[in-house]
1. Considering segment 172-181 alone, what residues qualify as being surrounded by fewer than 19 Cβ atoms within 10 Å (Cβ to Cβ) and either under 30 Å from residue 283 (Cβ atoms) or modelled with pLDDT of 85 or more (or both)?
2. Provide a single number: the residues in segment 93-135 that are free of Cβ contacts under 8 Å to residues at least 24 places away in the same chain, touching a helix residue (DSSP H, G or I) at 6+ places or on another chain (Cβ under 8 Å) and not in a helix (DSSP H, G or I).
3. Can you work out which of the residues in segment 196-214 that are crowded, with 16+ Cβ neighbours inside 10 Å and in a helix (DSSP H, G or I) is modelled with the lowest pLDDT?
4. Would you tally the residues in segment 274-307 being over 17 Å from residue 241 (Cβ atoms), part of a helix (DSSP H, G or I) and touching a residue at least 60 places away in the same chain (Cβ under 8 Å)?
5. So in segment 262-273, with the set limited to residues that are at pLDDT below 85 and within 18 Å of residue 240 (Cβ to Cβ), which one is surrounded by the fewest Cβ atoms within 10 Å (Cβ to Cβ)?
């Protein structure tokens, strides 16, 4: 049984690790800032899985000393403290909110609380075995419960602030993440209950959180893949913008996409939805295009493009 579980963890680890590399490729190719935060989040998943893989291997397949088990638990607490920070940066960026001083204070408090959880068993227990048992109980109940509350806080923030989110890509990501959060909280509760009622058959619970991490990675790879494929389709299927026009006016790739949509009579709203950006961003891009091309309207821009087409 231990080897089957170990193989299951290896598969989850491989999926999540692969997602980091996929998102790195996405970022270097398309330069979307939100992808940075996804890479950080997936890197956290990778580290967590690696720590648990090591712990599971040492404790279930190789019998190890209590001191090593304590070290593994402390590593999980340290990971959890940094994960709360990464999670905060990720969700506040996703909902397009600034991190205020009050929010920083909450994040710092949760961060420091993890280290209080580490110190507490050493203060209240005398034997090394008691320290390990206390650490394990605190991690199963207090730490996971704290994470569930933290995620609930972000869920409420996302719902309340949804209407103020400008980017249609961010709106779509918020919807997906809120849906996944609804699934995650029961997963955390099930894991807590399963680990709390430890059995010889499943001493580490159902380990659903690792399956969740792998599924989360796959869903977001597919979401961003569809987004980038849509951008490619826009570039391929719509009318071409003359290379001479692009070169002489120093038009960027994003501006080229917008010009193609303008040629195809897309409204600003439709352009925003097609490119997963806000209408305000579309307006800024169009304004920059007009300045670069030295025109004052869409009609003048299209006339200028026709001139370049006739020259070519």
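1. Across segment 172-181, the qualifying residues are 172, 175, 176, 178, 179, 180.
2. 3
3. Among them, the one singled out is 208.
4. 3
5. Only one residue fits best here, namely 265.
The values are calculated or read from the model by the stated rules, or taken from the named source; none is laboratory data. Everything numeric here is computed off the predicted structure, so don't read it as measured data. Because the Cβ atoms are built from the backbone with ideal geometry, glycine has one as well, and the counts that use them run over all protein chains shown.
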